[in-house]
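This report concerns only the one structure given below.
The values are calculated or read from the model by the stated rules, or taken from the named source; none is laboratory data. Keep in mind that this is a model prediction, so the values were computed, not measured. Glycine also receives a Cβ, built like all others from the backbone with ideal geometry; neighbour counts cover every protein chain displayed. Note: accessible area is taken over every heavy atom of the protein model, side chains too, but ligands, DNA and RNA are not part of it. Shrake-Rupley method; radii C 1.70, N 1.55, O 1.52, S 1.80 Å.
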Amino acid sequence: MGVNITTLTQMVRIGLLNEVSYQYKKWLIIDEVNELIKRCHGEISSKKLFDRISIREAIEMKGKNGITVLGYILLILNQVLTPISPIRATSILDVTLDKSKLETVLSYFGKLGESLQSQDDVSHGIATITREGVNFEGKTFVSPKLAAMKCFDHAEIHGEWSIPIQYSLTEPNQILLYNMHGLEAAVAKEDTD
């Protein structure tokens, strides 16, 4: 896969991959890993990929102010960024992304994106969608997009569900939700009153 143990641990924690225990060891389910790799690698190209940047290069270029590997994986899985892999790709870090689209995505998130992209203060977790909003660590967050999609009404009628999020330790009143409709920012209710 080409990712470190910290990233794998985060993937398990937010539910992208599942662990199984066998003979007192924890293992990943190989079919899930293969499916994740396939989805992250995207189309394979033998042509020279102009105006594209590999995840490895993007991380090196952006340094500590860039998105984490898990962040790139989630952006790809949510179809915010479209991956194309060179034939020689041996790692998720070799996957390429459109430079202009990446810059657009980064600027779209503005201040929230900047605070959530720092590798030093970013963390991932699981929030709960409820009828009141998105609950995480004792706070309720609101998102106009999720409200418009009637997610909170759905939670009231059909029950709550979990959703992976990314958050900044320095911006505790803002979170970034990952769902099947893409990425969505949410703010703590007390910040909206």
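Across the stretch 11-99, the convex hull enclosing all Cα atoms gives 114 Å³ per residue.
With both labels modelled 7 Å from their Cα along Cα-to-Cβ, the Arg56 to Ser162 distance reads 3.3 nm.
Surface exposure of the stretch 1-50, expressed per residue as accessible area with a 1.4 Å probe, stands at 77 Å². I'd like the Kirkwood hydrodynamic radius of the stretch 1-51, using the inverse of the mean 1/r over distinct C-alpha pairs, in Å. About 12.8 Å for the stretch 1-51.
Pairs spanning more than 29 Å between alpha-carbon atoms, out of Lys99/Lys145; Lys26/Lys145; Lys101/Lys145; Lys38/Lys189: Lys26/Lys145; Lys38/Lys189. Extension gain, Lys38 to Leu77: 0.36 nm times the residue separation minus the Cα-Cα distance gives 13.0 nm.
As a fraction of the 1.4 Å probe accessible area of the stretch 18-70, surface on carbon and sulfur atoms comes out at 52 percent. Near the amide H of Ser45, within less than 5 Å, lie the amide hydrogens of Ser85, Ile87, all on another chain or at least 5 residues away, with H placed in the peptide plane. Taking amide hydrogens as placed 1.01 Å from N in the peptide plane, the amide H of Thr130 sits under 5 Å from those of Asn135, each at least 5 positions away in sequence or on another chain.
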